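The values are calculated or read from the model by the stated rules, or taken from the named source; none is laboratory data. In this text, all values refer to a predicted model and were calculated from it rather than measured experimentally. Cβ: placed from backbone, ideal geometry, glycine included. Neighbour counts: every protein chain shown.
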Amino acid sequence: MSDPNAGPSDPNLPPTPPQQAAPAAPLSREQDVQWGSFAHLGGILGFLPSLIIWLVFKDRGRFTDTEAKEALNFQITLVFAQIALFIVTTILTVITLGLLSPFGLLSWAIWIVGVIFSIIAFLQTKDGNHYRYPFAIRLIK
């Protein structure tokens, strides 16, 4: 059996180029709202769901592009907060010989705040309304 992408068998003819994939169809309004809201809800799991949704659907729906960027920026902000808290907790634990190690429980507070705001954002965007987090470093514009 021959390869369909191999081209003609005549060595004097140039090989046929591989077929290009057709661009993905734009999202319907319902799909656009659905994926935009899922980008916020995915924040419960971290920044990866928002990143994946934004990368896959950013060119297919304006609402999804806007909301996935907003969700991703918020999740990146939470990651920065976790890293900063880890550094501060490590330094304070070393300086105080472990007396301030419960300070690390704030990590759970950051996660809970992320879950709460992700659910609030999901509930707003599932009806087609835009949501803007009250605090977020907006790195992705």
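Summary of computed values
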quantity: Scan of the stretch 103-132 for residues that are surrounded by 13 or more Cβ atoms within 10 Å (Cβ to Cβ) and among the aromatic types (Phe, Trp, Tyr), ordered by number; calculated: PHE103, TRP111, PHE117, PHE122, TYR131
quantity: Scan of the stretch 49-72 for residues that are over 8 Å from the mean Cα position of the chain (by Cα) and either touching a residue at least 40 places away in the same chain (Cβ under 8 Å) or not in a helix (DSSP H, G or I) (or both), ordered by number; calculated: LYS58, ASP59, ARG60, GLY61, PHE63, THR66, GLU67, GLU70
quantity: Output for the stretch 109-141, where each listed residue is modelled with pLDDT under 90 and either under 30 Å from THR93 (Cβ atoms) or among the aromatic types (Phe, Trp, Tyr) (or both); calculated: PHE135, ALA136, ILE137, LEU139
quantity: Some residue of the stretch 66-86 being loosely packed, with under 10 Cβ neighbours inside 10 Å and modelled with pLDDT of 80 or more; calculated: no
quantity: Residue count for the stretch 42-74, restricted to those that are touching a Leu at 6+ places or on another chain (Cβ under 7 Å) and closer than 18 Å to ILE112 by Cα; calculated: 4
quantity: Filter pass, LEU78 being in a helix (DSSP H, G or I), among the hydrophobic types (A, V, I, L, M, F, W, C) and in contact with a helix residue (DSSP H, G or I) (Cβ under 6 Å, 6 or more places away or on another chain); calculated: yes
